[in-house]
Amino acid sequence: MNGRATEASFPAKGSIRRRKKSQLREVWKRMLKNKAAVVGLVVMIALVLTAVFADFIAPYHYDDQNLEHAFMTPCREHWFGTDNFGRDILSRIIYGARISLQVGLISVGIGAAVGGALGASAAYYGGYTDNIVMRLIDVLLAIPSILLAISISAALGPGLVNAMIAVGIGAVPTYARVVRASVMTVKEQEFIEAARCIGAKSPRIILKHILPNAMAPIIVQATLGVAAAILSAAALSFIGLGIQPPTPEWGAMLSAGRQYIRDYWHIVTFPGLAIMLTIFALNLLGDGLRDALDPRLKR
(Lines give C-alpha, C1' and ligand atoms only; values in the text may rest on other atoms or scores of the structure.)
Protein backbone atom coordinates (compact mmCIF):
# COMPACT_ATOMS: atom_id res chain seq x y z
CA MET A 1 0.00 0.00 0.00
CA ASN A 2 2.84 2.35 0.89
CA GLY A 3 4.51 1.45 -2.39
CA ARG A 4 1.35 2.26 -4.33
CA ALA A 5 0.99 5.57 -2.50
CA THR A 6 4.60 6.44 -3.18
CA GLU A 7 4.27 5.65 -6.88
CA ALA A 8 1.03 7.59 -7.13
CA SER A 9 2.61 10.64 -5.51
CA PHE A 10 5.07 11.04 -8.38
CA PRO A 11 3.85 11.93 -11.88
CA ALA A 12 4.44 9.39 -14.61
CA LYS A 13 7.07 10.08 -17.27
CA GLY A 14 4.38 10.20 -19.94
CA SER A 15 2.51 12.96 -18.13
CA ILE A 16 5.75 14.94 -17.71
CA ARG A 17 6.44 14.67 -21.44
CA ARG A 18 2.88 15.75 -22.27
CA ARG A 19 3.20 18.70 -19.91
CA LYS A 20 6.49 19.78 -21.52
CA LYS A 21 4.97 19.46 -25.00
CA SER A 22 1.96 21.53 -23.97
CA GLN A 23 4.25 24.19 -22.49
CA LEU A 24 6.31 24.32 -25.69
CA ARG A 25 3.10 24.56 -27.68
CA GLU A 26 1.94 27.51 -25.58
CA VAL A 27 5.30 29.23 -25.99
CA TRP A 28 5.13 28.69 -29.76
CA LYS A 29 1.59 30.10 -29.92
CA ARG A 30 2.60 33.20 -27.98
CA MET A 31 5.62 33.54 -30.25
CA LEU A 32 3.45 33.46 -33.38
CA LYS A 33 1.25 36.24 -31.99
CA ASN A 34 4.25 38.56 -32.01
CA LYS A 35 4.55 39.61 -35.65
CA ALA A 36 7.90 41.32 -35.16
CA ALA A 37 9.36 38.13 -33.69
CA VAL A 38 7.96 36.11 -36.61
CA VAL A 39 9.67 38.49 -39.03
CA GLY A 40 12.95 38.04 -37.16
CA LEU A 41 12.51 34.27 -37.18
CA VAL A 42 11.83 34.20 -40.93
CA VAL A 43 14.88 36.35 -41.65
CA MET A 44 17.10 34.12 -39.49
CA ILE A 45 15.78 30.94 -41.12
CA ALA A 46 16.51 32.47 -44.53
CA LEU A 47 20.00 33.46 -43.37
CA VAL A 48 20.74 29.98 -42.01
CA LEU A 49 19.54 28.34 -45.24
CA THR A 50 21.66 30.79 -47.23
CA ALA A 51 24.73 29.88 -45.19
CA VAL A 52 24.09 26.13 -45.47
CA PHE A 53 23.47 26.17 -49.22
CA ALA A 54 25.93 28.94 -50.10
CA ASP A 55 27.71 26.70 -52.61
CA PHE A 56 24.48 26.35 -54.60
CA ILE A 57 23.08 29.87 -54.12
CA ALA A 58 26.14 32.05 -54.73
CA PRO A 59 26.58 32.91 -58.43
CA TYR A 60 30.39 32.92 -58.09
CA HIS A 61 33.00 31.58 -55.71
CA TYR A 62 33.86 34.11 -53.03
CA ASP A 63 37.49 34.42 -54.20
CA ASP A 64 36.97 34.48 -57.99
CA GLN A 65 38.87 37.54 -59.21
CA ASN A 66 38.51 39.43 -62.45
CA LEU A 67 40.46 42.68 -62.44
CA GLU A 68 38.79 43.76 -65.69
CA HIS A 69 35.47 43.91 -63.79
CA ALA A 70 36.83 45.68 -60.70
CA PHE A 71 34.64 48.37 -59.11
CA MET A 72 31.58 47.49 -61.17
CA THR A 73 28.38 49.00 -59.80
CA PRO A 74 25.31 46.77 -59.37
CA CYS A 75 24.25 45.30 -62.71
CA ARG A 76 22.63 42.19 -64.16
CA GLU A 77 25.81 40.08 -63.94
CA HIS A 78 26.73 41.29 -60.45
CA TRP A 79 23.65 42.28 -58.47
CA PHE A 80 25.65 43.93 -55.69
CA GLY A 81 28.57 44.97 -57.90
CA THR A 82 32.22 43.97 -57.51
CA ASP A 83 35.06 45.02 -55.22
CA ASN A 84 38.57 46.30 -55.95
CA PHE A 85 39.69 42.80 -57.04
CA GLY A 86 36.68 42.21 -59.28
CA ARG A 87 35.11 39.74 -56.83
CA ASP A 88 31.34 39.45 -56.74
CA ILE A 89 30.09 41.17 -53.57
CA LEU A 90 26.83 39.22 -53.42
CA SER A 91 28.73 35.92 -53.42
CA ARG A 92 31.08 37.13 -50.71
CA ILE A 93 28.13 38.25 -48.56
CA ILE A 94 26.45 34.86 -49.02
CA TYR A 95 29.60 32.97 -48.03
CA GLY A 96 30.20 35.51 -45.28
CA ALA A 97 26.93 34.44 -43.65
CA ARG A 98 28.62 31.14 -42.81
CA ILE A 99 31.47 32.88 -41.03
CA SER A 100 29.24 35.32 -39.14
CA LEU A 101 26.84 32.64 -37.93
CA GLN A 102 29.71 30.33 -37.00
CA VAL A 103 31.41 33.07 -35.00
CA GLY A 104 28.14 34.09 -33.34
CA LEU A 105 27.03 30.59 -32.33
CA ILE A 106 30.41 29.28 -31.18
CA SER A 107 31.25 32.48 -29.30
CA VAL A 108 27.91 32.35 -27.50
CA GLY A 109 28.54 28.66 -26.77
CA ILE A 110 31.89 29.49 -25.17
CA GLY A 111 30.48 32.38 -23.17
CA ALA A 112 27.39 30.46 -22.05
CA ALA A 113 29.34 27.32 -21.11
CA VAL A 114 32.05 29.07 -19.08
CA GLY A 115 29.82 31.80 -17.68
CA GLY A 116 27.00 29.35 -16.99
CA ALA A 117 29.29 27.01 -15.05
CA LEU A 118 30.67 29.89 -12.98
CA GLY A 119 27.26 31.46 -12.35
CA ALA A 120 25.57 28.16 -11.46
CA SER A 121 28.37 27.19 -9.07
CA ALA A 122 28.34 30.59 -7.40
CA ALA A 123 24.57 30.56 -6.90
CA TYR A 124 24.28 26.94 -5.78
CA TYR A 125 27.17 26.74 -3.33
CA GLY A 126 27.04 30.37 -2.12
CA GLY A 127 29.37 31.60 0.62
CA TYR A 128 33.04 31.92 -0.28
CA THR A 129 32.50 30.34 -3.69
CA ASP A 130 29.93 32.98 -4.58
CA ASN A 131 32.13 35.81 -3.32
CA ILE A 132 35.25 34.64 -5.15
CA VAL A 133 33.49 33.91 -8.45
CA MET A 134 31.43 37.09 -8.50
CA ARG A 135 34.38 39.31 -7.58
CA LEU A 136 36.23 37.81 -10.55
CA ILE A 137 33.18 38.51 -12.71
CA ASP A 138 33.06 42.08 -11.37
CA VAL A 139 36.66 42.59 -12.48
CA LEU A 140 35.79 41.37 -15.98
CA LEU A 141 32.65 43.54 -16.03
CA ALA A 142 34.80 46.58 -15.28
CA ILE A 143 36.38 46.10 -18.72
CA PRO A 144 34.11 46.79 -21.73
CA SER A 145 33.45 43.51 -23.55
CA ILE A 146 34.68 44.79 -26.91
CA LEU A 147 37.90 46.12 -25.30
CA LEU A 148 38.40 42.77 -23.57
CA ALA A 149 37.86 40.98 -26.89
CA ILE A 150 40.36 43.30 -28.62
CA SER A 151 42.96 42.65 -25.91
CA ILE A 152 42.55 38.88 -26.09
CA SER A 153 42.56 38.86 -29.88
CA ALA A 154 45.68 41.04 -29.96
CA ALA A 155 47.40 38.66 -27.53
CA LEU A 156 46.37 35.48 -29.38
CA GLY A 157 46.77 36.90 -32.87
CA PRO A 158 44.25 37.42 -35.69
CA GLY A 159 42.26 34.53 -37.08
CA LEU A 160 38.85 32.86 -37.01
CA VAL A 161 39.44 30.60 -33.99
CA ASN A 162 41.11 33.32 -31.93
CA ALA A 163 38.31 35.76 -32.76
CA MET A 164 35.69 33.28 -31.51
CA ILE A 165 37.67 32.69 -28.31
CA ALA A 166 38.11 36.42 -27.74
CA VAL A 167 34.43 37.24 -28.28
CA GLY A 168 33.35 34.24 -26.20
CA ILE A 169 35.52 35.18 -23.22
CA GLY A 170 34.27 38.76 -23.49
CA ALA A 171 30.71 37.46 -23.08
CA VAL A 172 31.43 35.28 -20.01
CA PRO A 173 30.51 37.91 -17.35
CA THR A 174 27.07 38.53 -18.85
CA TYR A 175 26.13 34.85 -18.87
CA ALA A 176 27.56 34.31 -15.39
CA ARG A 177 25.28 37.00 -13.97
CA VAL A 178 22.21 35.81 -15.86
CA VAL A 179 22.71 32.17 -14.85
CA ARG A 180 23.45 33.09 -11.24
CA ALA A 181 20.23 35.10 -10.96
CA SER A 182 18.19 32.32 -12.59
CA VAL A 183 19.67 29.57 -10.41
CA MET A 184 19.10 31.55 -7.21
CA THR A 185 15.37 31.76 -7.97
CA VAL A 186 15.13 28.00 -8.48
CA LYS A 187 17.51 26.38 -5.97
CA GLU A 188 15.30 26.94 -2.89
CA GLN A 189 12.16 25.41 -4.38
CA GLU A 190 10.61 22.23 -2.99
CA PHE A 191 11.62 19.85 -5.77
CA ILE A 192 15.28 20.78 -5.25
CA GLU A 193 14.95 19.98 -1.55
CA ALA A 194 13.33 16.67 -2.50
CA ALA A 195 16.25 15.84 -4.78
CA ARG A 196 18.70 16.56 -1.95
CA CYS A 197 16.69 14.38 0.43
CA ILE A 198 16.90 11.33 -1.83
CA GLY A 199 20.69 11.72 -2.01
CA ALA A 200 21.20 13.34 -5.40
CA LYS A 201 24.71 14.76 -5.89
CA SER A 202 25.19 18.49 -6.38
CA PRO A 203 26.36 18.28 -10.04
CA ARG A 204 23.29 16.16 -10.88
CA ILE A 205 20.97 18.59 -9.10
CA ILE A 206 22.45 21.52 -11.00
CA LEU A 207 22.41 19.83 -14.42
CA LYS A 208 19.19 17.81 -14.17
CA HIS A 209 16.94 19.93 -11.98
CA ILE A 210 18.10 23.54 -11.65
CA LEU A 211 19.39 24.52 -15.10
CA PRO A 212 16.44 23.03 -17.08
CA ASN A 213 14.09 25.14 -14.93
CA ALA A 214 16.20 28.28 -15.34
CA MET A 215 16.65 28.15 -19.11
CA ALA A 216 14.17 30.84 -20.20
CA PRO A 217 16.35 33.92 -19.46
CA ILE A 218 19.44 32.03 -20.66
CA ILE A 219 17.81 31.28 -24.03
CA VAL A 220 16.80 34.91 -24.45
CA GLN A 221 20.27 36.14 -23.52
CA ALA A 222 21.88 33.65 -25.90
CA THR A 223 19.69 34.83 -28.78
CA LEU A 224 20.58 38.45 -28.14
CA GLY A 225 24.17 37.39 -27.49
CA VAL A 226 24.53 35.95 -31.01
CA ALA A 227 23.77 39.43 -32.36
CA ALA A 228 26.35 41.01 -30.05
CA ALA A 229 28.92 38.35 -30.97
CA ILE A 230 28.44 38.91 -34.71
CA LEU A 231 28.83 42.66 -34.18
CA SER A 232 31.96 42.20 -32.03
CA ALA A 233 33.52 39.83 -34.58
CA ALA A 234 32.79 42.35 -37.34
CA ALA A 235 34.46 45.06 -35.24
CA LEU A 236 37.54 42.89 -34.68
CA SER A 237 37.78 42.14 -38.40
CA PHE A 238 37.30 45.81 -39.22
CA ILE A 239 40.40 46.77 -37.24
CA GLY A 240 42.40 43.81 -38.55
CA LEU A 241 42.29 41.57 -35.46
CA GLY A 242 39.60 39.16 -36.61
CA ILE A 243 39.09 37.02 -39.69
CA GLN A 244 41.77 37.66 -42.29
CA PRO A 245 41.42 38.00 -46.10
CA PRO A 246 40.54 36.41 -48.42
CA THR A 247 37.98 34.75 -46.10
CA PRO A 248 34.69 36.60 -46.67
CA GLU A 249 33.61 38.23 -43.42
CA TRP A 250 31.28 41.20 -43.36
CA GLY A 251 33.40 43.33 -41.04
CA ALA A 252 36.55 42.61 -43.06
CA MET A 253 34.66 43.54 -46.24
CA LEU A 254 33.74 46.88 -44.68
CA SER A 255 37.34 47.47 -43.69
CA ALA A 256 38.66 46.62 -47.16
CA GLY A 257 36.14 48.89 -48.88
CA ARG A 258 36.24 51.94 -46.61
CA GLN A 259 38.97 53.64 -48.65
CA TYR A 260 36.73 53.52 -51.73
CA ILE A 261 33.53 54.71 -50.02
CA ARG A 262 33.46 58.12 -51.73
CA ASP A 263 33.62 56.75 -55.28
CA TYR A 264 32.21 53.21 -54.97
CA TRP A 265 29.43 53.26 -52.39
CA HIS A 266 28.29 49.70 -53.08
CA ILE A 267 31.48 48.08 -51.74
CA VAL A 268 30.63 49.01 -48.14
CA THR A 269 26.87 49.51 -48.35
CA PHE A 270 25.81 45.91 -48.92
CA PRO A 271 28.06 44.27 -46.26
CA GLY A 272 26.88 46.94 -43.83
CA LEU A 273 23.25 46.20 -44.67
CA ALA A 274 23.89 42.47 -44.15
CA ILE A 275 25.22 43.14 -40.64
CA MET A 276 22.38 45.53 -39.85
CA LEU A 277 19.66 43.15 -41.08
CA THR A 278 21.10 40.20 -39.14
CA ILE A 279 21.43 42.14 -35.88
CA PHE A 280 17.94 43.59 -36.31
CA ALA A 281 16.39 40.17 -36.94
CA LEU A 282 18.15 38.62 -33.93
CA ASN A 283 16.99 41.47 -31.70
CA LEU A 284 13.39 41.02 -32.87
CA LEU A 285 13.64 37.28 -32.27
CA GLY A 286 15.19 37.76 -28.84
CA ASP A 287 12.49 40.21 -27.77
CA GLY A 288 9.81 37.81 -29.01
CA LEU A 289 11.34 34.88 -27.12
CA ARG A 290 11.53 36.95 -23.96
CA ASP A 291 7.82 37.79 -24.20
CA ALA A 292 6.84 34.22 -25.11
CA LEU A 293 8.84 32.61 -22.30
CA ASP A 294 7.64 35.04 -19.63
CA PRO A 295 4.70 33.36 -17.85
CA ARG A 296 3.46 36.73 -16.61
CA LEU A 297 2.62 37.68 -20.21
CA LYS A 298 0.23 34.77 -20.85
CA ARG A 299 -3.00 35.74 -22.56
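Quick notes on this one:
- The set of residues from segment 228-262 being touching a residue at least 40 places away in the same chain (Cβ under 8 Å) and among the charged types (D, E, K, R) comprises just one member, Glu249.
- Enumerated helices (runs of 4 or more DSSP H) restricted to segment 54-160, each holding at least 3 residues that are under 20 Å from Leu236 (Cβ atoms) and touching a residue at least 12 places away in the same chain (Cβ under 8 Å): 89-125, 145-156
- Exclusive hit being within 23 Å of Leu293 (Cβ to Cβ), buried (at least 16 other Cβ atoms within 10 Å of the Cβ) and aliphatic (A, V, I, L, M), set Leu47, Leu90: Leu47
- Residues that are exposed (fewer than 15 other Cβ atoms within 10 Å of the Cβ), over 24 Å from Ile94 (Cβ atoms) and out of contact with any helix residue (DSSP H, G or I) (no Cβ under 7 Å at 6 or more places or on another chain) do occur in segment 261-282, at least one of them.
- Residue within segment 192-205 that is modelled with pLDDT under 90, crowded, with 21+ Cβ neighbours inside 10 Å and hydrophobic (A, V, I, L, M, F, W, C) present: no
- When segment 207-217 is filtered for residues that are surrounded by fewer than 21 Cβ atoms within 10 Å (Cβ to Cβ) and among the hydrophobic types (A, V, I, L, M, F, W, C), the ones remaining, listed by number, are Leu207, Leu211, Met215, Ala216.
- Checking each residue in segment 30-41 for being touching a residue at least 12 places away in the same chain (Cβ under 8 Å) and in a helix (DSSP H, G or I) picks out Arg30, Met31, Lys33, Ala36, Ala37, Val38, Val39, Gly40, Leu41.
- Which listed residue is crowded, with 24+ Cβ neighbours inside 10 Å and within 30 Å of Tyr125 (Cβ to Cβ), from Ala229, Ala222: Ala229
- In segment 225-281, the residue that is farthest from the chain's Cα centre (by Cα) out of those that are closer than 17 Å to Val108 by Cα and not aliphatic (A, V, I, L, M) is Gly242.
- Criterion (of a type in the set (Gly, Ala, Ser), closer than 18 Å to Thr50 by Cβ and within 30 Å of the chain's Cα centre (by Cα)) met by exactly one of Ser145, Ser100: Ser100
- Within segment 107-132, considering residues that are crowded, with 20+ Cβ neighbours inside 10 Å and aliphatic (A, V, I, L, M), the one farthest from Ile165 (Cα to Cα): Ala123
The values are calculated or read from the model by the stated rules, or taken from the named source; none is laboratory data. A quick note: this is a predicted structure, and the numbers were derived from the prediction, not measured. Methodologically, a virtual Cβ is constructed for each residue, glycine included, from the backbone with ideal geometry; neighbour enumeration extends over all protein chains shown.
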